[in-house]
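Comments concern the structure below.
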Amino acid sequence: MKILLVSATQLEIQDYVLSAPHHDILITGVGLHAATYELSEQLHGHRYDLVIQAGVAGAFEGSGLKMGDVVAVKQDAFGDIGSYEANQFHSLQQLGLSTEKEWLVNPHNIINKLQMPHVKSITINTVTDYTPYVQALQQKWQADIESMEGAALHYVCTKKNVPFVQLRAISNVVGERDKTKWMLGTAIANLNAAVKALIDSL
Ligand SMILES: O=C(O)c1cccc(C(=O)CC[C@H]2O[C@@H](n3cnc4c(=O)[nH]cnc43)[C@H](O)[C@@H]2O)c1
């Protein structure tokens, strides 16, 4: 099986890569713009049976998720592309500016084989501790987690008709900007173990 392993940063997947260097690896850089471009370029030149995106993420309060939990993203959305006014967020679809679906749902069976929570994620461009904005996004999407690249995976792979799966490990609570309260090390260790378990099972 030809697998592409994708991550925003080397740090997030290097433990797995060092132990099993035989898959194609794509480090996109942080953010939607970089992930969309790099993934599109890579899929233009190669055919993969599965694209795995692995990274850390923030969990929304009330999601029930704990630091270090590893989750599979069932659906993702471009969470902050639209308008924010009177403390309410509106997507491009609500504004009548896009006819595409709001949620980019992963239709591939592989996600059903993963023994971990299946979650809703949004992909955002600005990390913030401004509570009214975080609450407006929560009210709109009722997501469990957020990242800065996930929707690029769902969007590009769906357009290119390539099977994909997005694994995220929880490193922080959304809105927490004090990095001493993040659990990056635990999240990355658990993420790499989950990537290994998934690939070994294929
Ligand atoms: O130090 C900063 O100011 C800073 C600003 C934005 C992001 C970071 C990161 O270290 C995150 C990089 C990476 O991790 C994902 N991530 C992790 N937690 C969150 C979150 O709460 N909201 C959105 N994305 C998150 C993200 O996918 C990035 O690739 C540091």
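Among Q166, Q53, Q93, the residue with the largest mean-square fluctuation in a Gaussian network model of the chain, with springs joining Cα atoms closer than 10 Å, is Q93. A cut-off of 5 Å between modelled amide H atoms, ignoring neighbours fewer than 5 places along the same chain, links W103 with no other residue. For region 13-115, the set of trypsin sites (Lys or Arg not before Pro) satisfying both a DSSP loop assignment and a count of at most 14 other C-beta atoms within 10 Å is given as R47, K66, K101.
Using C-alpha pairs under 8 Å with a sequence gap of at least 6, the mean separation divided by the residue count of region 76-194 gives a relative contact order of 26 percent. Sites listed here are chymotrypsin sites (Phe, Trp or Tyr not before Pro) in region 123-202 whose DSSP assignment is loop and whose Cβ has at most 16 other Cβ atoms within 10 Å: Y130. In straight-distance terms, cross-link reach from K179 covers every one of the aspartates and glutamates whose alpha-carbon lies under 13 Å from its own, apart from those fewer than eight places away in the same chain; here that gives D129.
The HN-Hα couplings worked out from phi for region 61-74 by the Karplus form 6.51 cos²θ - 1.76 cosθ + 1.60 (θ = phi - 60°) are 4, x, 6, x, 8, 10, 3, x, 4, 10, 10, 10, 8, 7 Hz, whole numbers, x standing for Gly and Pro. Karplus-based coupling profile of region 89-101, in residue order and whole Hz: 9, 10, 6, 4, 5, 5, 7, x, 9, 8, 9, 6, 5, with θ = phi - 60° in 6.51 cos²θ - 1.76 cosθ + 1.60 and x standing for Gly or Pro. Amide hydrogen proximity for V6: with H placed 1.01 Å from N in the peptide plane, the residues at 5 or more positions away or on another chain lying under 5 Å are L26, I52, Q53, A54.
Per residue, the convex hull spanned by the Cα atoms of region 3-201 measures out at 109 cubic angstrom.
Computed with a 1.4 Å probe on the full set of protein chains, the accessible area for T158 sits at about 80 Å². For the chain, the solvent-accessible area of protein heavy atoms averages 48 Å² per residue (probe radius 1.4 Å; ligands and nucleic acids excluded). Computed from backbone phi with θ = phi - 60° and the Karplus coefficients 6.51, -1.76 and 1.60, the 3J(HN,Hα) list for region 6-16 is 10, 8, 6, 10, 4, 3, 5, 10, 5, 4, 5 Hz; x is used for glycine and proline.
For K181, a cut-off of 19 angstrom between C-alpha atoms picks up these lysines, skipping any fewer than 8 places away in its own chain: K66.
Looking at the chain, the DSSP beta bridges with both ends there are about 30 percent antiparallel. The lysines within cross-link reach of K101, meaning a Cα-to-Cα straight distance under 25 Å and a gap of 8 or more places when in the same chain, are K74, K120, K140, K159, K160. What a 1.4 Å probe finds exposed on the chain is 51% carbon and sulfur by accessible area, rounded to a whole percent. Modelled this way, with points 7 Å down the Cα-to-C-beta line, the labels at Q14 and D200 are 2.3 nm from one another.
The values are calculated or read from the model by the stated rules, or taken from the named source; none is laboratory data. Remember, it's a predicted structure, so these values are computed and weren't measured experimentally. Here the Cβ is made from the backbone with ideal geometry for all residues, glycine too, and neighbour counts use every protein chain on show. These area figures cover heavy atoms from the full protein model, side chains too; ligands, DNA and RNA do not enter into them. Shrake-Rupley method; radii C 1.70, N 1.55, O 1.52, S 1.80 Å.
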